[in-house]
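What follows is a single structure, written as structure tokens, with notes after it.
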Protein chains: 2
Amino acid sequence: MNPGSDMWQLILPLSIDVIMSIGAYFFTLNLIPRLKDLFVKANLYGIDMNKRNSLKIPEALGVVTGCIFLVTMFLFIPVPFTDYIFKNENFPHNEFVEFLAALLSICCMLLLGFADDVLDLRWRHKLLLPTIATLPLLMVYYVNFNSTLIIVPKPLRVWLGYSVDLWIFYYVYMGMLAVFCTNAINILAGINGLEVGQSLIIAISIVIFNIIELSGDLWKAHRFSLYFILPYIATSLALLKYNWYPSKVFVGDTFCYLSGMTFAVVGIIGHFSKTTLLFFIPQIINFLYSIPQLFHFIPCPRHRLPKYNKDTDKLETSVTVFKYSDLNSSGKFLMSVFRTIKIVQWQKSSDDTVTCNNLTLINFLLINIGPTREPKLTLILILLQVLCSCLAFVIRYPLASVFYDI
Amino acid sequence: MNPGSDMWQLILPLSIDVIMSIGAYFFTLNLIPRLKDLFVKANLYGIDMNKRNSLKIPEALGVVTGCIFLVTMFLFIPVPFTDYIFKNENFPHNEFVEFLAALLSICCMLLLGFADDVLDLRWRHKLLLPTIATLPLLMVYYVNFNSTLIIVPKPLRVWLGYSVDLWIFYYVYMGMLAVFCTNAINILAGINGLEVGQSLIIAISIVIFNIIELSGDLWKAHRFSLYFILPYIATSLALLKYNWYPSKVFVGDTFCYLSGMTFAVVGIIGHFSKTTLLFFIPQIINFLYSIPQLFHFIPCPRHRLPKYNKDTDKLETSVTVFKYSDLNSSGKFLMSVFRTIKIVQWQKSSDDTVTCNNLTLINFLLINIGPTREPKLTLILILLQVLCSCLAFVIRYPLASVFYDI
């Protein structure tokens, strides 16, 4: 980065972004309680299964934070371009295009997420919709960069050479990144505050990474990412206040989709999609662990959240019950692997009935630490997310220098 | 337009647009019946008050056509740019920006419209939201054109000169155009097929206007408009099939917002916002006629649609009843004007109670033609829209040459 004018181009818009984010935080804080009843009236509510009472908790409040996030960004759009606007010269259309495409993808995902919460769409839609929502973004990537080369890690260069051009597969990868990010947060969910909590840790990790990289050559890309992530963090923080144990509002698929798409967007446009993925370690583990149920090798109940014990007010491992003989050979093989490495609670009775824990990271944790109160469980999972982010930074910096020339 | 390569740039992308629109039409036709039940299950339904039965009719299906419209446009995005993409040179970022901003505004409006249908937002939101949704568009207008000059009609040039720079007020006007377009369609509604019918006539008028202007200097702007309007017409036509009397689905505020914003967007980006407004003559009349109720000079019931007579199966004028002494002086004045020019049905009984028709174009029509069956009434209103479009073309072409040098 050049000192002087570049420094100014960095600090001024980011300061305004911070100020607008603070405004967005208080606005969200103020708006959620006022809109809550509208959601219940519109039949958008859920009953918290992990509580003694059965109040109607408004659902899909992510649409409120999402809209405020978008509006903040709409109002922010002119800020990074004021210099060009007043000088009226050489407007950087290519940077502006990135802004608009990013907002379009996020807005589209917010719409689809809200439609999902309202209409309860099917699984295939959940995979298709984020792919569609990323199309404008991929188009911008093609037009602005179209760099599909990846640098090969040193140990593999003997076979693959210095770099490999992934060509169209790089675009497939980016499309799948959006599908993964949106759904991965959505399936590590079910206890108060977890969706927002984990998303905030990921977002804060991205911010730290961006700030570190601001001193590098690609500082503009990381500044771009900060523009988006800061208001995202502000609105999500306000949401967390109402979503924390005991939840007064639920965030809905809307929030998970919004979050996942925001992370995918800044990762793609900011050229750090692989680092973004590094911040998803718990989500990746949860996804891999869930595979036997997600792909129906073993039965998957509608809800896999832990079981609430009213007497102790603690959460316990939830289970799925099935006949062993009903499994196909892939299912039998997968589960034998899981049992060998001792990551499932597996009881087989004499009549061939198997009782197995639902394969989620939350249940896995409960197997190991025993019944836990809900807020403590959320805190442990968030702490785990923090630890994984630390690990991600270790992989990204000290470890990467072993594999790449930095 | 230059012959040869320009011609090719016109016909090729437009042909692909037509083909994709036809695909979108059949896809919509196919998808609506399959999604209908999801809407009813999600509590998104209405009872048709103008029918003998009281079936649950799914509401807000505009979100389905809107999403298909958006996806069609997403897939279409690369088409007009293929030339630049393959030659890899001088990519026209400024044109691409228009595309993205237009889609962002439409997507945002679709989200807000759907949120309105689900959550039943308040009036002030309905005015605020379209303004926000146009922000990215206005920004693009500023960056790409920033032409805020308007040519003064000949008779006024003695005082105002050849042109007037409206400066910031031109942006206020464009923002208000979006607010007007979205809400004007929304308040000329209430009988089966009318929202979609009138929108289609407006859209077709825009298409005719664009085709006429393709031979002019601004052909690129009109080609841009056609890109958007053709898939819009296709998806709306499919919707009309289910929304026509007797409606199997309702379109919701979602559809009205989507339509209004689409028209505003092509009008603004295509530089023909004043002509767009000309196609809104029935909506403008309906708006002006509604003013006493919209601004609460006289009482406005929640629904102003005509009254259904079960015995005759016909629609009759609906009325609002109030004490004359309850009106404030503005209300009394306005209504005395309306009575003088004989455009209201006004009965005042001896005890000061006034019975007055609800001030909508539909009721006004019913006063003049008497009770009418619903499909016939819709047809008459659509015919009126067609006649007004003809009038608009007369104003735009022969008449404009009187006031402007063409």
(message) Taking the condition of being assigned to a strand (DSSP E or B) and open to solvent by less than 40 Å² (accessible area, probe 1.4 Å), how many residues in region B:343-371 meet it?
(response) 4
(request) Could you list, in sequence order, all residues of region A:49-72 that are within 12 Å of chain B (Cβ to nearest Cβ) and of a type in the set (S, T, N, Q)? (result) A:Thr72
(message) Checking the conditions here, which among B:Phe76, B:Phe91 is touching a residue at least 24 places away in the same chain (Cβ under 8 Å) and among the hydrophobic types (A, V, I, L, M, F, W, C)?
(response) B:Phe76
(request) Please determine, by comparing only the residues of region A:78-90 that are within 9 Å of chain B (Cβ to nearest Cβ) and under 24 Å from B:Thr131 (Cβ atoms), which one is least open to solvent (accessible area, probe 1.4 Å). (result) A:Phe81
(request) Please indicate, with yes or no, whether at least one residue in region B:228-244 is closer than 29 Å to B:Leu100 by Cβ, surrounded by fewer than 21 Cβ atoms within 10 Å (Cβ to Cβ) and basic (Lys, Arg). (result) no
(request) Could you tell me which numbered condition A:Leu75 fails, if it satisfies all but one of (1) under 22 Å from A:Ile229 (Cβ atoms); (2) open to solvent by 40 Å² or more (accessible area, probe 1.4 Å); (3) more than 8 Å from chain B (Cβ to nearest Cβ)? (result) (3)
(request) Determine whether region A:145-155 contains at least one residue that is within 9 Å of chain B (Cβ to nearest Cβ) and in a helix (DSSP H, G or I). (result) no
(request) Look through A:Ile57, A:Ile11, A:Ile68, A:Ile22 and report the one residue that is at pLDDT below 95 and among the β-branched types (Val, Ile, Thr). (result) A:Ile11
(request) Could you list all residues from region A:340-355 that are free of Cβ contacts under 8 Å to residues at least 24 places away in the same chain and over 18 Å from A:Phe295 (Cβ atoms)? (result) A:Thr340, A:Ile341, A:Lys342, A:Trp346, A:Gln347, A:Ser349, A:Ser350, A:Asp351
(request) Answer yes if at least one residue in region B:301-312 is farther than 24 Å from B:Met335 by Cα, under 22 Å from the mean Cα position of the chain (by Cα) and not hydrophobic (A, V, I, L, M, F, W, C), and no otherwise. (result) no
(request) Can you tell me which residue among B:Phe209, B:Phe250, B:Phe228 is modelled with pLDDT of 90 or more, among the aromatic types (Phe, Trp, Tyr) and assigned to a loop (DSSP other than H, G, I, E, B)? (result) B:Phe250
(request) Evaluate the following for B:Leu44: is it in contact with a helix residue (DSSP H, G or I) (Cβ under 8 Å, 6 or more places away or on another chain), within 11 Å of chain A (Cβ to nearest Cβ) and open to solvent by 70 Å² or more (accessible area, probe 1.4 Å)? (result) no
(request) Give just the number: which of (1) away from chain B (no Cβ under 11 Å); (2) buried (at least 20 other Cβ atoms within 10 Å of the Cβ); (3) closer than 17 Å to A:Asp17 by Cβ does A:Ala102 not satisfy? (result) (1)
(request) Just give me the residues in region A:275-331 being β-branched (Val, Ile, Thr), over 29 Å from A:Ile201 (Cα atoms), in contact with a helix residue (DSSP H, G or I) (Cβ under 8 Å, 6 or more places away or on another chain) and not in a loop (DSSP other than H, G, I, E, B), in sequence order. (result) A:Thr320
(request) Count, please, the residues in region A:1-22 that happen to be open to solvent by 40 Å² or more (accessible area, probe 1.4 Å), more than 14 Å from every other protein chain (Cβ to nearest Cβ) and not polar (S, T, N, Q). (result) 11
(message) Anything in region B:298-313 that is in contact (Cβ under 8 Å) with a residue 40 or more places away in the chain and charged (D, E, K, R)? List them, or say none.
(response) B:Arg304, B:Lys310, B:Asp313
(request) Output the residues belonging to region A:263-290 that are among the β-branched types (Val, Ile, Thr) and crowded, with 22+ Cβ neighbours inside 10 Å. (result) A:Val265, A:Val266, A:Ile268, A:Ile269, A:Thr276
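Yes/no per residue for (1) in contact with a Lys or Arg (Cβ under 6 Å, 6 or more places away or on another chain); (2) small (Gly, Ala, Ser); (3) under 30 Å from A:Ala400 (Cα atoms):
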{"position": "A:Thr275", "(1), (2), (3)": "yes, no, yes"}
{"position": "A:Ile285", "(1), (2), (3)": "no, no, yes"}
{"position": "A:Gln293", "(1), (2), (3)": "no, no, no"}
{"position": "A:His296", "(1), (2), (3)": "no, no, no"}
{"position": "A:Lys314", "(1), (2), (3)": "yes, no, no"}
{"position": "A:Ser329", "(1), (2), (3)": "no, yes, no"}
{"position": "A:Thr340", "(1), (2), (3)": "no, no, no"}
{"position": "A:Asp351", "(1), (2), (3)": "no, no, no"}
{"position": "A:Cys356", "(1), (2), (3)": "no, no, no"}
(request) Considering every residue within region A:314-329, establish whether at least one is in contact (Cβ under 8 Å) with a residue 40 or more places away in the chain, open to solvent by 50 Å² or more (accessible area, probe 1.4 Å), more than 30 Å from A:Gly216 (Cβ to Cβ) and over 14 Å from the mean Cα position of the chain (by Cα). (result) yes
(request) Considering (1) in a strand (DSSP E or B); (2) open to solvent by 60 Å² or more (accessible area, probe 1.4 Å), say which one B:Ile57 fails and leave the rest. (result) (2)
(message) farther than 14 Å from B:Asn243 by Cβ, away from chain A (no Cβ under 13 Å) and in a helix (DSSP H, G or I): is that true of B:Leu38 in this structure?
(response) no
(message) Just to be sure before I move on: is A:Thr28 under 28 Å from A:Asn210 (Cα atoms), among the β-branched types (Val, Ile, Thr) and within 14 Å of another protein chain (Cβ to nearest Cβ) in the structure I sent?
(response) no
(request) Restrict the check to region A:374-395 and report whether at least one residue is on the phi > 0 side of the Ramachandran plot and open to solvent by 80 Å² or more (accessible area, probe 1.4 Å). (result) no
(message) I need a count of the residues in region A:291-309 that are open to solvent by 60 Å² or more (accessible area, probe 1.4 Å) and β-branched (Val, Ile, Thr).
(response) 0
(request) For region B:116-139, enumerate the residues that are crowded, with 17+ Cβ neighbours inside 10 Å and either in a loop (DSSP other than H, G, I, E, B) or more than 8 Å from every other protein chain (Cβ to nearest Cβ) (or both). (result) B:Asp116, B:Asp117, B:Leu121, B:Lys126, B:Leu129, B:Pro130, B:Ala133, B:Thr134, B:Leu137, B:Leu138
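The values are calculated or read from the model by the stated rules, or taken from the named source; none is laboratory data. Given the structure is predicted, the values throughout are model-derived calculations rather than measurements. Methodologically, a virtual Cβ is constructed for each residue, glycine included, from the backbone with ideal geometry; neighbour enumeration extends over all protein chains shown. For the accessible areas, the whole protein counts, side chains as well, though only heavy atoms, and no ligand, DNA or RNA atoms are used. Shrake-Rupley method; radii C 1.70, N 1.55, O 1.52, S 1.80 Å.
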